[in-house]
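Below: one structure, written as structure tokens.
Just so it is clear, none of the values below were taken in a lab; they were calculated from the coordinates. Computed from a predicted model, the values in this text were never measured in an experiment. Don't worry about glycine lacking a Cβ; one is built from the backbone with ideal geometry, like all the others, and counts go over all protein chains shown.
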Amino acid sequence: MAHGPGVYKDRYEDLHVDTIDRRLAELGLTLPPPKRPVADYVGCKQSGQQLFVSALVSETRGAAGAEVSVDQAAAAAEATVLALLAIVREHLGTLDRIAAVDKMTGFVRSGPAFTSQPAVVDGASRVLIAIFGEAGRHARTATGVAQLPYGATVQLEMILRLHDRIA
């Protein structure tokens, strides 16, 4: 058996690096290819054990409560948080570095009388809790807005807490 620097870390990674990916598969969830920033910013920025994940808009277009139903908007939030996790996985190399989801901010493009923004952002929150368990429970903001970039229905951003290292 080989010994030396990195051997145990590599062995640990072989055993554990795909824990979250296996959980995604168990849930029947797939991460899309990571999206690139559309302007002059980065997808993620790490400071110590915090990872700030830039906002991403949904592929779904239209105002919740007008052109888009609550269920459609919640599904858009779910898809958007999976897209955010794809960006995080590309940045970190693995989602297993995530110790906790500390904060999620959600903006919902809303029709004039729409007040169910929390139900929309719950689509993303439920996914995070399903994937990460209690570590996926987070502080949250769900705010209604008149417009979002590109006419999107949902825009999400997150603050994650990271493990110091995998091994």
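Of all the listed residues (Glu78, Glu90), the sole one being touching a residue at least 40 places away in the same chain (Cβ under 8 Å), touching a Gly at 6+ places or on another chain (Cβ under 9 Å), crowded, with 18+ Cβ neighbours inside 10 Å and of a type in the set (Asp, Glu) is Glu78. Here is the figure for the stretch 111-158: residues that are surrounded by fewer than 18 Cβ atoms within 10 Å (Cβ to Cβ), without any contact (Cβ under 8 Å) to a residue 40 or more places away in the chain, within 27 Å of Leu95 (Cβ to Cβ) and of a type in the set (A, V, I, L, M, F, W, C) total 3.
Restricting attention to the stretch 39-54 and to residues that are among the hydrophobic types (A, V, I, L, M, F, W, C) and in a strand (DSSP E or B), the residue that is surrounded by the most Cβ atoms within 10 Å (Cβ to Cβ) turns out to be Val53.
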